[in-house]
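The values are calculated or read from the model by the stated rules, or taken from the named source; none is laboratory data. The shown structure was predicted, so the numbers you read here are calculated from the model rather than taken from an experiment. For neighbour counting, all protein chains shown are included, and Cβ atoms are generated from backbone atoms with ideal geometry for every residue, glycine included. Side chains included, ligands, DNA and RNA excluded: accessible areas come from the protein's heavy atoms. Shrake-Rupley method; radii C 1.70, N 1.55, O 1.52, S 1.80 Å.
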Amino acid sequence: MPTLDISNFNIVVSVLGGWVSLFGLVSYLLKENFYLSEALISLLAGITFGPRALNWLRPMEYAGSKENVDDITLVFTRLVLGVQLVLAGIQLPSRYLKREWKPLSLLLGPIMVAMWLATGLLVWALVPHLPFLHALAIGACVTPTDPVLSNVIVKGKFADHNIPKDLQKIIIAESGANDGLGYPFLFLALYLIKYVGDGGVSESGGGGLAIGLWFGETWGYTIILSVLYGGVVGWLAKQLLRYCEDHKYVDRESFLVFALSLALFITGTCGLIGSDDILACFIAGNVFTWDDWFRLATLDDSLQPTIDMLLNVAIFIWYGAVCPWTSFVSNDVIPISRLIPLGLLVLLLRRPPFILGIHKKIPQIEDIRQATFMGFFGPIGCSAIFYLYITIKFIGTLNPDGGDVPRDDVKNLEEAVNVIVWFMVVASVVVHGLSIPVGKLGFRLPRTISRSMSVERPSFQTSNLTTDSRLPRSVSRGRVARNTSWPRNTSSTHAFRIGGSIIPPRETAQDLQPPTPGPVPHVEEGRGIPPVLAGAETQPATPSAVSQNRTIQFPAEEVLDSTRRQAEA
């Protein structure tokens with residue numbers, strides 16, 4: 001007898017497949033007409049399907065513990081970022097990082113430092129009793145701009161119509177490179193917390209050891225090694241694929257999926273050696289298409305954008321299900337009355353002032369309007385979640401003697417970074433996801449209201465001018481009028497037939513007198529338009545004496561009239 005198998009796997013696959021199918025049916029309408037991001041829509045879907053609403057997605061039941069949920073979220077985020085950053089590197093033109101190193105050095109150097117310090121100061125000012133080093137660690141998590149959410153403003157109809165291509169490329173390059181460069185900012189704060197935070201009681205070495213580890217491990221092993229590794233792997237992959245393609249060893253399907261498999265390989269191998277897999281993926285993607293061969297060969301292909309869309313939808317549904325929504329209201333770190341202003345201030349002050357201040361030195365930014373746009377759209381997303389769980393794992397190593405009890409100086413750090421970073425991610429997804437549609441609505445709504453409230457403008461009329469002097473259509477075309485009865489109320493204006501248009505003679509104000517009834521004009525058969533439309537009492541105001549019974553005709557009309565006479569005879 002058939003029985004229902006309500007297992008977690010069946011539920012998850014049903015929910016994910018059903019949602020992607022339903023979203024796909026209206027995806028063009030939502031993204032291209034309403035300019036809504038798939039990240040925002042999927043986050044709302046995750047809330048709806050998650051344990052706070054329908055409870056169809058139950059992460060705690062799948063993982064068994066909060067630590068396992070955190071591990072799943074971390075590796076899932078690594079996977080999405082790895083694929084996204086390889087694709088971001090491939091989207092850039094040939095030798096882009098080499099050609100545009102000056103503006104990129106400004107965005108990845110002083111701008112990132114300013115963003116880190118500004119965010120840290122805001123967190124330190126608004127979170128009660130939070131040490132400054134802890135605030136810097138939290139600020140480092142949200143300093144990188146997110147490549148997943150950046151796709152909203154560099155792809156689609158809105159980007160094609162409103163954002164110059166050069167500005168799109170610099171946004172892609174910045175969001176791809178600064179994701180991996182969040183490590184130095186984060187680990188400078190974390191190493192100082194470890195060796196200086198409690199006054200050196202738990203860990204010996206002090207600030208000197210912290211700075212030494214920061215230079216050696218973070219810059220040397222994590223950053224420089226990942227750049228070299230990504231460059232070498234990307235170049236080798238390009239050479240191998242080019243050789244196999246030239247010798248017809250690879251089919252089309254494997255050719256198209258090669259970039260995705262390269263992203264998975266780099267993410268896994270960098271994870272094995274403990275280096276920066278995010279930065280390595282971006283460098284590998286850019287080197288892989290250094291000569292533009294692969295990018296141009298797959299320019300019209302839709303496989304990579306399709307995989308990209310599936311990963312984006314899946315990751316933000318997961319975020320909606322695992323986000324600590326109740327912690328925003330109930331926590332021991334920051335009240336909701338401070339958390340909301342903190343999120344808004346970070347979005348407004350973390351990036352826009354610095355882009356505005358330096359935009360003249362970035363050639364891709366042409367004016368202050370584009371600088372404002374680029375400064376505002378620096379979203380916080382998957383990269384912030386990645387650094388959040390890197391921070392939580394590091395905090396777990398600070399427990400004395402490897403126990404479960406944290407040090408006194410960091411006992412609230414895990415909760416603080418968890419609540420604040422998650423809230424900033426949600427705020428960024430909502431604000432940046434709704435900015436374009438709300439901006440479009442705000443631009444169109446006043447025009448619509450003013451158009452609906454406006455009244456029809458009255459026509460210019462003189463009190464003495466009471467009738468329209470235009471001729472009937474049947475006559476104005478130069479044809480013979482079958483009905484010779486003319487309107488009784490006509491103007492005293494004299495009209496002459498000149499080619500295909502009616503040219504009335506000029507009149508003065510004194511000539512605009514009320515019409516005087518007169519005899520109905522007669523249309524002579526075959527002679528076109530009668531010149532006089534009113535009584536004979538009113539004379540034309542033109543200085544030239546023109547006979548009232550005169551019709552001006554071109555030679556073509558005379559030939560037409562003679563042809564008509566012969567046909568009627």
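Miscellaneous remarks
- Annotation: peptides 385-398, 347-360, ranked by per-residue average of other Cβ atoms within 10 Å with the highest first, follow the order 385-398, 347-360.
- Note: relative contact order over region 1-143, using C-alpha pairs below 8 Å and six or more positions apart, is 12 percent.
- For region 125-226, the residue among I172, P184, V201 whose Cα projects farthest onto the positive side of the dipole built from Cβ charges is I172.
- Cβ-placed point charges (K, R +1; D, E -1), dipole of region 254-309 about Cα centre in debye, nearest 20: 120 debye
- In range of the label at R369: residues from region 423-444 whose backbone nitrogen is under 20 Å from the point 7 Å along Cα→Cβ: 435-444
- Each peptide in 363-375, 268-280 was scored by the mean count of other Cβ atoms within 10 Å over its residues; highest first, the order is 268-280, 363-375.
- Figure legend: label point modelled 7 angstrom from the Cα of E61 along Cα→Cβ; residues of region 1-40 with amide N under 16 Å from it are 4-16.
- Sorting 429-442, 186-199, 115-128 by average packing, meaning the other beta carbons within 10 Å per residue, from highest down gives 186-199, 115-128, 429-442.
- Taking every protein chain into account, the accessible area of region 13-135 amounts to 46 square angstrom per residue (probe 1.4 Å).
- Signed unit charges on C-beta, dipole axis of region 395-446, positive-most listed residue L398, V417, L434: L434
- Estimated FRET transfer efficiency (K248, T306; beta-carbon r; R0 25 Å; 0.05): 0.45
- Structural descriptor for region 305-390: relative contact order 19 percent, calculated from alpha carbon pairs under 8 angstrom and at least 6 residues apart.
- Entries in K157/K393; K169/K411; K157/K361; K66/K155; K98/K155; K165/K440 that, when Cα-Cα distance is taken, lie over 31 Å: K157/K393; K169/K411; K66/K155
- Share of alpha-carbon pairs per 10 Å distance bin for region 16-166, given as whole %: 8, 23, 34, 27, 9, 0
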